[in-house]
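> Once you've had a glance at the structure underneath, I'll fire off some questions.
The values are calculated or read from the model by the stated rules, or taken from the named source; none is laboratory data. Everything numeric in this text was worked out from a predicted model, so none of it was measured. Virtual Cβ from ideal backbone geometry, glycine too; neighbours counted across all protein chains shown. Ligands, DNA and RNA are excluded from the accessible area calculation, which covers all protein heavy atoms including side chains. Shrake-Rupley method; radii C 1.70, N 1.55, O 1.52, S 1.80 Å.
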Amino acid sequence: MDIGTISLILLIGIFVLLAIGMPLGFASGFLAVAVLMMKFGPDLLFRSFGTGPLNILAQRMYGLMTDYVLISVPLFIFMACLMERSNIAKAMFDSLNVWLSRTRGGIAIVTAIMAIIMAAMSGIIGGEIVLLGLIALPNMLRLGYNQNLAIGTICASGSLGTMIPPSIVLIIYGLVTETSIHALFKAAFVPGFILGGCYIAYIIFRTQMNPEQAPLPKGGEDVTMADKLRALPGLLAPLFVVTVVLGSIYGGFTGITEAAGMGVVAVLILITLRGELSWPLFKEALMRTWKSTGTILWITFGATALAGAYTIAGGPTYVANLIIGTELPTFGILLLMMVIFLILGALMDWVGIVLLVMPVFLPIILKLPVEELGLTGALVAAPSFVAVWFGILFCVNMQVSFLSPPFGPAAFYLKSVAPAHITLPDIFRGFLPFIALQLVVLTLVLLFPEITMIFRSS
Amino acid sequence: MVEHPAETFMDRISIAISRVAMFLVALIVVIMFYEVVMRYVFERPTLWVNEMSLWTAGGVYLLAGLYVMQQRGHIRIFILYDMVSRNWQRAFDTISTVLIVLFAAGIFWGGFNEAWAKLMRWETFGTAWDPPIPATMKPLILVTIVLIAVQAVVNLIVDWKKEKQVHDLVEEVKEELID
């Protein structure tokens, strides 16, 4: 069967299998078998038991399993699970609040700052949004903050976990595309902080324009400098973890995987110092880690099997030729890809997109004339950096996908901890200005690749 | 964490394996910490920690998937599934399960000779400490995917008589939080 027909059947197959509620990872896995079947026919495939083209499935899985960096995924999940079970985040919120409670929009700013700090500790989303939803949302609503502002702040800044390094999205992207994860992390810093900075600037602007959206707490004594200094220790704990994780990586002490391990140790030490460490907490965190790891890894296994099968069937070349055949200008192709990412991101999980789409898209990007990428041609000096830049673009795209209806996971995480009167449409409405900000930053990174090149080691 | 209870013998096997194997994640943290301390405090880096982590983590990735299958926790989309009648759901589940079995059969058919040969040869990783990662992990892939397929079939049978449940994503996250 020719690859065009196979690709079409594959595309229809994915939608049908997802629609009937088949688990994503296994749907991809089965489709891998189906692609090989269509390509080689049953005779060749099943001629002799124990060998043949089907061996690619186990080989791809084994290849992934023996990649050292992948170990950082369960470790970062473990770290986040431990942190969620402790009161470290609550303490951080209280101390930041002492500093900013007399400022207009203070709690929203505190929420965003806290989310940025937590994003620099761990690389996943979900836990962060739930934590902020539990701690910051009741405070903002009680003070009479505008509901949309509160919701948008929590979810948009809570999603930064996968943008600001360390980030699981970038780890998997690096693994799949064989791009240096170190370089990706360095490149993600500035766009990540620009994004976080935009949120804070927007909160300040919006609350200055509409003071009624963020009333100041009534009465109470002024917060003295002494109070502010007394509140500092609450910030030390999270900064300690950030220092351990990022310091290990950038200080050149350890690789990313060991940094994740040291992060777990740092969180365990903090929990012990706070007197919160207990056997149930530890066991519970491990169980959650176990479950999340199984979920994320088997999507990855299924997708890598499918990517492997599709590659030996000649799929990526076919799709690449199809896209190049449209004879769109360079910028048109980039824009087309961004739109595809945004649409896919609204419908499916980011892991699936990285594994299925990147092997097709990245080679096309690498073939485009490098001087036409970005407005200023900054990438000409560093053609090898294109893959890193594209990874960051993808990462910003996924920031949008976490917020976009109908499946934006951030909304569901927040809904689970929000008061009952806040409905999902309410939540998505709160996201709109923040999605606009994300699109602005996406455009900036697209037009000015320099943004990702600031910390590049030449 | 609310856990899907063990309803069958296969469920008990999956949960039993998980109860033991989940501590492997903690083990990786412990040995990594040991390695970093040895390297920077005592300046005597170990040979075995990296490879031991790799070996252990392989088991974690694979076996965790078995637990998630028993928990019905693998990521799937419920929009259409929740709209149709229970009989349609049974039909959908049957298709899914058959395809999972076919996926498992595909991996097994194509990978058996290589896995068997490496196990018989006791093939090692070819590194300094040289653990038998190929000899153990290649067969473990096949064993795990067969167990997962069996668990999927068992799930289909056990859930067959159950009433229709609507999967509210929000409720699910909420359950996660209440413990």
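> Sort B:17-28, A:67-78, B:152-163 by packing, meaning the average of other beta carbons within 10 Å per residue, with the highest value first.
With the highest mean Cβ count within 10 Å placed first, the list reads A:67-78, B:17-28, B:152-163.
> Would you mind giving the average projected area, over all directions, of the Cα convex hull of region A:71-115 in nm² with one decimal?
On the way: hull surface 13.5 nm².
Taking a quarter of the hull surface, the average projection is 3.4 nm².
> Go ahead and estimate [θ] at 222 nm for chain B from helices alone: -39,500 (n - 2.57) per DSSP H run with n ≥ 4, summed, over the residue count, rounded to 500.
So the helix-based figure for chain B works out to -25000 deg cm²/dmol.
> Take region A:178-305, drop everything but the C-alpha atoms, weight them equally and run the Debye formula without solvent; then report log10 I(q)/I(0) at 0.17 Å⁻¹ to two decimals.
Result of the Debye calculation: -1.22.
> How much area per residue is accessible in the protein assembly as shown when the probe is 1.4 Å and only protein heavy atoms are counted (Å²)?
Spelled out: the 1.4 Å probe surface of the protein assembly as shown, per residue, equals 39 Å².
> Quick one: buried accessible area between A and B, total over both chains, 1.4 angstrom probe, nearest 100 Å²?
Rounded to the nearest hundred, the buried surface is 6700 Å².
> By Kyte-Doolittle mean hydropathy of at least -0.5 and Cα axial length of at least 30 Å, which whole DSSP H helices of chain A are selected?
Membrane-span-like by this rule: A:181-209, A:279-312, A:424-447.
> A further question follows. Given the options A:T243, A:G308, A:L268, identify the residue whose Cα lies farthest towards the positive end of the charge dipole of region A:222-313 (+1 on Cβ of Lys, Arg; -1 on Cβ of Asp, Glu).
A:G308
> What list of whole percents do you get for P(r) of chain B, with Cα-Cα distances grouped in 10 Å bins up to the one holding the largest distance?
Per 10 Å bin, starting at 0, the Cα pair percentages come out as 8, 26, 31, 20, 11, 3, 0.
> Do me a favour and compute the ellipsoid semi-axes for region A:266-359 from its Cα gyration tensor, root of five times each eigenvalue, largest one first, whole Å.
One finds semi-axes of 42, 17, 10 Å for region A:266-359.
> How big is the Rg/Rh ratio for region A:165-229, C-alpha atoms only, Rh by Kirkwood, two decimals?
1.27
> Count, for each residue of A:38-49, the Cβ atoms from other chains sitting within 10 Å of its Cβ, then give me the mean as a whole number.
Shielding by partners across A:38-49 averages 1.
> Round to a whole number: what % of the accessible area of region B:1-67 belongs to carbon and sulfur, probe 1.4 Å?
The nonpolar share, carbon plus sulfur, comes to 71 percent.
> Once you average over the residues of B:20-28, how many Cβ atoms of partner chains fall within 10 Å of each Cβ?
That works out to 5 on average.
> If you don't mind, there's one more thing I want to ask. Charges at C-beta only: +1 for Lys and Arg, -1 for Asp and Glu. How large is the resulting dipole of region A:1-115 about its Cα centre, in Debye rounded to 20?
340
> Using just the C-alpha positions of region A:310-458 as equal point scatterers, what log10 of I(q)/I(0) does the Debye formula give at each q in 0.12, 0.14, 0.19 1/Å?
Debye curve over Cα of region A:310-458, log10 I(q)/I(0) at q = 0.12, 0.14, 0.19 Å⁻¹: -0.58, -0.75, -1.16.
> Which whole-Hz ³J(HN,Hα) couplings does region B:18-30 yield from phi under the Karplus relation 6.51 cos²θ - 1.76 cosθ + 1.60, θ = phi - 60°, glycine and proline marked x?
So the Karplus estimates, Gly and Pro as x, are 5, 4, 7, 5, 5, 6, 4, 4, 5, 4, 4, 4, 4 Hz.
> Cα gyration tensor of region A:1-151, axes a ≥ b ≥ c as square roots of the eigenvalues: rounded (a/c below 1.5), prolate (a/b > b/c) or oblate?
It comes out prolate by the Cα gyration axes.
> Placing +1 at every Lys and Arg Cβ and -1 at every Asp and Glu Cβ, with all other atoms neutral, what dipole size does region B:50-130 have around its Cα centre, in debye to the nearest 20?
Working: 6 positive and 6 negative charges, 80 e Å.
Taking the Cα centre of region B:50-130 as origin, the dipole is about 380 debye.
> Then there is this: Just need the Rg to Rh number for region B:50-147, please, alpha carbons only, Kirkwood Rh.
With Rh from the inverse mean 1/r over Cα pairs, Rg/Rh is 1.13.
> Placing unit charges on C-beta atoms (Lys and Arg positive, Asp and Glu negative, everything else neutral), compute the dipole magnitude of region B:39-179 about its Cα centre in debye, rounded to 20.
380
> Check each of the trypsin sites (Lys or Arg not before Pro) in region A:1-78 and keep only those in coil by DSSP with at most 13 other C-beta atoms within 10 angstrom; list them in order.
Sites meeting the loop and neighbour criteria: A:R47.
> Moving on. Ranked from highest to lowest mean number of other Cβ atoms within 10 Å per residue, what is the order of the peptides A:259-272, B:37-50?
A:259-272, B:37-50
> Using DSSP to call loops (not H, G, I, E or B), can you name the trypsin sites (Lys or Arg not before Pro) in region B:52-101 whose Cβ has at most 14 other Cβ atoms within 10 angstrom?
Passing both the DSSP loop test and the Cβ count: B:R72.
> If you don't mind, another one. May I ask you to evaluate 6.51 cos²θ - 1.76 cosθ + 1.60, the Karplus curve with θ = phi - 60°, for each residue of region A:410-420 and list the ³J(HN,Hα) values in order in whole Hz, giving x for glycine and proline?
After applying 6.51 cos²θ - 1.76 cosθ + 1.60, I find 4, 4, 6, 4, 5, 4, 5, 10, 8, x, 4 Hz.
> In whole Hz, what ³J(HN,Hα) sequence does region B:99-108 give by Karplus (6.51, -1.76, 1.60; θ = phi - 60°), x for Gly and Pro?
The phi angles translate into 5, 4, 5, 5, 4, 4, 4, x, 4, 5 Hz.
> Sticking with this one: Percent of accessible area on region A:177-329 owned by carbon and sulfur, 1.4 Å probe?
After summing per-atom areas, the C and S share lands at 67 percent.
> Checking buried surface per residue: for region B:73-91, which residues lose a minimum of 40 Å² accessible area in the protein assembly relative to the chain alone (1.4 Å probe)?
Those residues are B:H74, B:I75, B:R76, B:I77.
> Using a 10 Å cut-off on Cβ atoms, rank the peptides A:241-254, A:388-401 from the highest mean neighbour count down.
Details: A:241-254: 18.3, A:388-401: 25.2.
Put in order of decreasing packing, that is A:388-401, A:241-254.
> So what does the Cα-only Debye profile of the protein assembly as shown read at q = 0.08 Å⁻¹, as log10 I(q)/I(0), no solvent term?
-0.59
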